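Undergrad: The following block contains the structure, expressed as structure tokens.
The values are calculated or read from the model by the stated rules, or taken from the named source; none is laboratory data. All of these numbers come straight from a predicted model, not from anything done at the bench. Cβ placement follows ideal geometry from the backbone for every residue including glycine, while neighbour counts extend to all protein chains displayed.
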Amino acid sequence: MSRLLMAAPSRLSREIRTNRLNGFVNITRQMAGKTPTKSAASTCPAPEPPKLKPGYFPSGGTHAVFSDLPKPEGDFMQAWSAKNSKYNMVMLSGILALVGSIVLVATSDNMPLFANVPDYPYTEDEMEEFEVEEQRRQEEKEEREQLHQDLVEAKELKIRRRKAKDAMAREVELMQKDMDEGVDDGEMAELVQLTQEREEFESWEKEEMKRLEEKEKERDKIKKEKEKARQEQLKQIEKDRKERQKAN
């Protein structure tokens, strides 16, 4: 009997503590289930995403991987159709503006359509100076072409003279051998051929030097005629210029 009386208070205290604990748990669940009000949401700003370190990607490494690529969102065909419609409208408006401008210019009398750019209004003195300058450039071009031709001819003459000199040395050697001990049939044929080639070269060289002299004389004559014509042209230009100055 005494044991029952002593156990009753302890059981009552445990029930009281259990009821208090259950009430505290229920209150906590009710507070967690309630949605925060507008004022509470406004006073608590959203946490900012952590900033990336320099040289690092969102995946955490120093090299980009596929997970670092931007992820597409939304309907692709819908976005593509909207963008394509916008571009088509821009193209059609540009074509209509071009056609309208051409029709307006073609039908208007006050706006003539020039196909070519008009020449710059140079003065007569400037045109004469341009003509003289163009003539001088043409003469320089002809002189360069003549110089190139002279160099080619001089190079050919030098090569043939060197070959003739070598052949002459061989010819002298064979002639000396013929006088000393005689030569065989092959060396005699070579000697005859060398003699014939030397005579042909001497004849060609004589004609070539004559042609070059005549060519040089003809060039000097043409140069003097051009110089005379140029002086007359300059005198005529100066005369016309003075007449224009008097008229003005």
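Undergrad: Any idea which of Glu243, Glu208, Glu225 is surrounded by 10 or more Cβ atoms within 10 Å (Cβ to Cβ), closer than 15 Å to Glu139 by Cβ and among the acidic types (Asp, Glu)?
TA: Answer to the selection: Glu225.
Undergrad: Follow-up question, since we're still on this one. Which condition does Glu199 not pass, out of (1) surrounded by 13 or more Cβ atoms within 10 Å (Cβ to Cβ); (2) more than 52 Å from the chain's Cα centre (by Cα); (3) of a type in the set (Asp, Glu), if it passes all the others?
TA: So the condition that Glu199 fails would be (1).
Undergrad: I've got another one for you. Output the residues belonging to segment 178-188 that are in a helix (DSSP H, G or I), modelled with pLDDT under 85 and surrounded by 12 or more Cβ atoms within 10 Å (Cβ to Cβ).
TA: Hit for segment 178-188 is Asp178, nothing else.
Undergrad: Any residue at all in segment 140-163 that is assigned to a helix (DSSP H, G or I), more than 46 Å from the chain's Cα centre (by Cα) and either surrounded by fewer than 10 Cβ atoms within 10 Å (Cβ to Cβ) or small (Gly, Ala, Ser) (or both)?
TA: Among the residues of segment 140-163, not one is assigned to a helix (DSSP H, G or I), more than 46 Å from the chain's Cα centre (by Cα) and either surrounded by fewer than 10 Cβ atoms within 10 Å (Cβ to Cβ) or small (Gly, Ala, Ser) (or both), which makes the answer no.
Undergrad: If you go through segment 45-91 one residue at a time, how many are polar (S, T, N, Q) and in a loop (DSSP other than H, G, I, E, B)?
TA: 2
Undergrad: Right, something else. Considering segment 130-139 alone, what residues qualify as being more than 36 Å from the chain's Cα centre (by Cα) and free of Cβ contacts under 8 Å to residues at least 40 places away in the same chain?
TA: Going through segment 130-139, the residues more than 36 Å from the chain's Cα centre (by Cα) turn out to be 132.
Residues satisfying the conditions do not exist here.
Undergrad: Checking Glu171 against (1) closer than 18 Å to Leu157 by Cα; (2) acidic (Asp, Glu); (3) surrounded by 11 or more Cβ atoms within 10 Å (Cβ to Cβ), which test does it fail?
TA: (1)
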